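Below is one structure, written out as structure tokens, with a few remarks after it.
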């Protein structure tokens, strides 16, 4: 059953400025032939997370992802990281996402670059994964679990689908200083974020789920500049965003994303990378 919160998250991504149409428009602008694309053509445009494919490389290194592994990308979006890992490392990757439009677009983009033999996508809830036990060697996530309120259920599911000794490696938005009630309400309304937790909150919920934390990296300063640049990037998409979703949607997105970025600049929000092994 789709909850009200789930419906809000789905609506958020159905109207997101970074989408299949925008990716292909950007790729075509480089002179690439859309009828003969490779993942190398897509890599600069299909990574809807902070730091692009280089950040995916760093996460793969931190999580010791190798070619013989089967990786689950939880909240995989348009599938950029899944495709990039398969392309660069030769590993098999499954993406799980709640949003049908993202899953459909991910499959089409993956077909375009010939990676469907290695990469597939499943529609489902990260706290109730439609996936059998002990199937994966690695589980990853990038800046998406902030949408999930029940972290204990999320980590329980990650542990369930991992093989013995498997590794969980993820990055996410965290709270670095208390938010006001109005800021919390605005993030819930505009970004579909439940109350944002600290890195320590994540760490404390990993052990009961059966994980031993191996490392935790603070990405807050690095992400601050990335978010400022990302706001400008979204503003550069004004023409196509207005074309697809209307002027009012662009203006609303600009207001809400500006408020979101201001919380990073103020040091209230930040980022973390956490790696833990299933015990």
Region 116-142, residues that are under 13 Å from residue 79 (Cα atoms) and buried (at least 21 other Cβ atoms within 10 Å of the Cβ): 119, 121, 140, 141, 142
Any hit, region 72-82, residues being outside any loop (DSSP other than H, G, I, E, B), in contact (Cβ under 8 Å) with a residue 24 or more places away in the chain, more than 15 Å from the chain's Cα centre (by Cα) and under 26 Å from residue 226 (Cα atoms): no
Any hit, region 208-230, residues being surrounded by 15 or more Cβ atoms within 10 Å (Cβ to Cβ), more than 20 Å from residue 273 (Cβ to Cβ) and under 20 Å from the mean Cα position of the chain (by Cα): no
Residues located in region 24-53, provided they are assigned to a helix (DSSP H, G or I) and under 16 Å from the mean Cα position of the chain (by Cα): 52, 53
Any hit, region 251-261, residues being part of a helix (DSSP H, G or I) and under 24 Å from residue 153 (Cβ atoms): no
Leading residue by the ranking (nearest to residue 143 (Cα to Cα)) among those in region 156-182 that are in contact (Cβ under 8 Å) with a residue 60 or more places away in the chain and part of a loop (DSSP other than H, G, I, E, B): 176
Region 152-175 - residue that is within 20 Å of the chain's Cα centre (by Cα) and farther than 22 Å from residue 81 by Cα and, of those, surrounded by the most Cβ atoms within 10 Å (Cβ to Cβ): 175
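All of the numbers you see were taken from the coordinates with simple rules; none came from a lab. Source: prediction; values computed, not measured. Methodologically, a virtual Cβ is constructed for each residue, glycine included, from the backbone with ideal geometry; neighbour enumeration extends over all protein chains shown.
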